[in-house]
Amino acid sequence: MSRSNVRRLAVCIAVATVFVQAASAADILIADAKSQPESLTVAPGGVLIVGSASSPFVYRVRPGSTTAEKFIDVSSEGAGTFFLGMLADASTNTLWTCQLAPVPNANPPQRHTALRSFDLTTGAPKIRWNLPGDSNVCNDFAVGPDKALYITDTNPGRIFRLPAGASTAELYLEHPTLRGVDGITFLDGVLYVNNVIFNKLYRIPVDAAGKPGTPVDIWIDQPIKGPDGMRAANGKLLLAENGSGKISALTVNGDKASVTVLKDGLNTPTGVEPAGDTIWIAERGAGKAVSIAMPK
């Protein structure tokens, strides 16, 4: 990102931060078409953290701040390095991220992915775990009721589990229907994932011994297109649909779900994050983040 683009990014963030308590659909946090914010998260105290899918930076915005901080900088790891998932875990003061880097001279193109964690306050590196295999895509994660971190690997289609306090994850589930797995979250203690390739939502059943079974296809009452980032709030699943430009709320009842569109007309929304009475949205195609009110 050029120096002028960084300056524009800082100005836009500063303007929006002043009004963060009165967030509305018109609020723009990052207005830089080159920033491509793919995921975002909210840390304690209302600190907003935004990653970039086109640069090796993670930005932090403090409430009331007049400047945007470059919180994480991994530019030393080579050209083409960028970030996907972002998740703040207040209980361990940890920022979880998915860091992707291209494999030099690979034909066909390949990426290596690392699950990384940083101190949520200082940005100091903590854990780094490289996903196994020649090509993988660490995409997103959720903290489960067992305090473990559950990680999606979009290609070849796997879910990994990092036990609380561990530094190495273990394979939790690999299944053909998971090729394209993207968003992941727990709703009422139940694990749900979506599939960005096949436009699906799945429930992951778990037996009495804690072993996951075959993903259960959730019937949805209207089509979803490009399901991406997903979080749970107020008993519903919040879903970013990157293919249809929508943010939707899904009410799940058994193996069925009904869709309520909360916001449409967005340019490739890829991330969604509930924070009190606000929903933050990463609008990757427009290079900005916006907020809407949480439905009552």
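Scaling the Cα radius of gyration of region 120-173 by the globular reference 2.2 N^0.38 Å produces a ratio of 1.16. Rolling a 1.4 Å probe over the heavy atoms of the protein chains gives the chain an accessible area of 43 Å² per residue.
List the relative contact order of the chain as a percent without decimals, with contacts defined as Cα pairs under 8 Å and 6+ residues apart. If you can, show how the numbers build up before the last one.
Values: 829 pairs, mean separation 42.5, N = 296.
Once divided by the residue count of the chain, the mean separation gives 14 percent.
For Asp188, the solvent-accessible surface with a 1.4 Å probe is about 140 Å², rounded to the nearest 10.
The gain in end-to-end length when the Ala209 to Ala164 segment is fully stretched comes to 14.4 nm, 0.36 nm per residue minus the alpha carbon separation.
Over all Cα atoms in the chain, the spread is summed up by Rg and Dmax: 17.9, 56 Å. Of the listed residues Tyr172, Tyr59, the order by accessible area with a 1.4 Å probe, largest first, is Tyr172, Tyr59. Across region 165-238, the fraction of Cα-Cα pairs farther apart than 22 Å, rounded to a whole number, is 24%.
Taking Pro63, Pro212, Pro109 as the candidate residues, the one with maximal mean-square fluctuation in a Gaussian network model of the chain, Cα springs under 10 Å, is Pro109. Ligands, DNA and RNA left out, the accessible area of the chain computed with a 1.4 Å probe is 52% carbon and sulfur.
The accessible area of Asp146, taken with all protein chains in place and a 1.4 Å probe, comes to roughly 70 Å².
Each of Thr122 and Ile197 was given a label point 7 Å from its Cα along the Cα-to-Cβ line. The distance between the two points is 4.2 nm.
Pairs Lys70/Lys296; Lys126/Lys296; Lys200/Lys296: which exceed 28 Å Cα-Cα?
Going by Cα-Cα distance, Lys70/Lys296; Lys126/Lys296 fall outside the 28 Å limit.
Within the listed set Gly45, Gly243, Gly123, the Gaussian network model of the chain (springs between alpha-carbon atoms below 10 Å) gives the highest mean-square fluctuation for Gly45. For Ile220, the solvent-accessible surface with a 1.4 Å probe is about 30 Å², rounded to the nearest 10. With the simple model of a label 7 Å out from the Cα in the direction of the Cβ, Asp73 to Asp146 spans 4.0 nm. Using bins of 5 Å that start at zero, the share of Cα-Cα pairs per bin across region 117-232 amounts to 2, 11, 21, 24, 20, 12, 6, 3, 1, in whole %.
In region 66-195, Cα pairs under 8 Å separated by at least six residues give a relative contact order of 15 percent. In region 256-296, with Lys and Arg counted as +1 and Asp and Glu as -1 at Cβ, which of these residues, Ala257, Ala275, Ile292, has the Cα nearest the positive end of the dipole, that is, farthest along it? The listed residue farthest towards the positive side: Ala257. Magnitude of the charge dipole for the chain, about its Cα centre and with charges confined to Cβ atoms of Lys, Arg (+1) and Asp, Glu (-1), is about 480 debye.
Quick one: go through region 266-295 and flag any residue whose amide nitrogen is under 14 Å from the point 7 Å out along the Cα-to-Cβ line of Asn253. Zone members listed by number: none at all.
Amide hydrogen proximity for Ala289: with H placed 1.01 Å from N in the peptide plane, the residues at 5 or more positions away or on another chain lying under 5 Å are Leu29, Ile30, Glu283. Multiplying the residue separation of Arg62 and Asn234 by 0.36 nm and subtracting their alpha-carbon distance yields 59.4 nm.
The values are calculated or read from the model by the stated rules, or taken from the named source; none is laboratory data. All values reported here derive from a predicted model rather than from experimental measurement. Please note: Cβ atoms are built from the backbone with ideal geometry, for glycine as well, and neighbour counts cover all protein chains shown. Heads up: the accessible areas ignore ligands, DNA and RNA and are worked out on the full protein's heavy atoms, side chains in. Shrake-Rupley method; radii C 1.70, N 1.55, O 1.52, S 1.80 Å.
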